[in-house]
Amino acid sequence: MQDDQLDGHDRRILKVLQRHGRITNQELAEQIGLSPAACWRRVKALEASGVIKRFAALVDPARVGQPLCALVMITLRRHSIDSTTDFEERVTQYPEVLQCYATTGNADFVLRVVIEDMAAYDRFLNEKLFTLPGISQVHSNFVLRAIKDETAIPMP
């Protein structure tokens, strides 16, 4: 399902579900102005098409012992398909890495890493990142505080 295939009902469903993922189908249908059956079919179609990727609980990292957040910029020595694919496959296996983006600009990849403390980050660098072949540079920026931390995609 592409953006141009989403109608007003679909967009309203997505807007509500992004804010209230545990809402019942009955409540969602009432808010959207559809029958429960029609609403359920639309949600299932949005899931099947990949528009809705998954449902998840948003956990506060600090409250589960992972208060340190680093944005890690990585530059590779070479830019071949093999070197980038190998890097991507390996880095996605690290549970500390919550996001990994291939980027333009000064870095080839930007990672968002959540971890217990600076000693754990040092171990992460030495035992995981620095063992990956082809890394030229690693630059880390530590998050002091979150100014805006949203997960909802704006729905026009």
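The values are calculated or read from the model by the stated rules, or taken from the named source; none is laboratory data. Because the structure is predicted, anything quoted here is derived from the model rather than measured. For neighbour counting, all protein chains shown are included, and Cβ atoms are generated from backbone atoms with ideal geometry for every residue, glycine included. Remember, those area values only see protein heavy atoms, side chains included, never the ligands or the DNA or RNA. Shrake-Rupley method; radii C 1.70, N 1.55, O 1.52, S 1.80 Å.
So for each of 128-137, 112-121 I average, over its residues, the number of other beta carbons within 10 Å; can you give me the resulting order with the highest mean first?
On the way: 128-137: 14.1, 112-121: 16.7.
Order by mean packing, descending: 112-121, 128-137.
Of the peptides 99-109, 51-61, 143-153, how do they stack up when ordered by the mean number of other Cβ atoms within 10 Å, highest first? The partial results should precede the final answer.
Values: 99-109: 13.1, 51-61: 10.4, 143-153: 8.5.
With the highest mean Cβ count within 10 Å placed first, the list reads 99-109, 51-61, 143-153.
Across the stretch 34-39, in residue order, what do the Karplus-derived ³J(HN,Hα) couplings come to in whole Hz, using 6.51 cos²θ - 1.76 cosθ + 1.60 with θ = phi - 60° and x for Gly and Pro?
10, 6, x, 5, 5, 5
Can you give me the % of accessible surface on the chain that is carbon or sulfur? Probe 1.4 Å, all protein chains present, nothing else counted.
On the way: 5530 of 10690 Å².
Ligands and nucleic acids excluded, carbon and sulfur give 52 percent.
In what sequence, highest mean first, do 72-80, 19-27 appear when ranked by Cβ atoms within 10 angstrom? Intermediate values should be presented prior to the final figure.
Working: 72-80: 15.4, 19-27: 11.8.
Top of the packing list down: 72-80, 19-27.
Find the accessible area per residue for the chain; the probe is 1.4 Å, ligands and nucleic acids are left out, and the unit is Å².
Working: 10690 Å² over 156 residues.
Using a 1.4 Å probe on heavy atoms only, each residue of the chain averages 69 Å².
Please list 3J(HN,Hα) in residue order for the stretch 143-151, calculated via the Karplus relation 6.51 cos²θ - 1.76 cosθ + 1.60 where θ = phi - 60°; whole Hz, with x for glycine and proline.
Calculated HN-Hα couplings, in order: 6, 7, 6, 8, 8, 9, 9, 9, 10 Hz.
For residue 120 and residue 88, what is the calculated FRET efficiency with R₀ set at 30 Å and r taken between the beta-carbons, to the nearest 0.05?
Values: r = 23 Å, r/R0 = 0.77.
Once the sixth-power term is evaluated, E becomes 0.85.
Tell me, what is the Rg over Rh of the chain, with Rh the Kirkwood radius over Cα pairs?
Details: Rg = 19.9 Å, Rh = 18.4 Å.
Result: Rg/Rh = 1.08.
Between helix 81-91 and the chain, what is the angle of the helix's C-alpha long axis to the longest principal axis, kept within 0 to 90° and rounded to the nearest 10?
80
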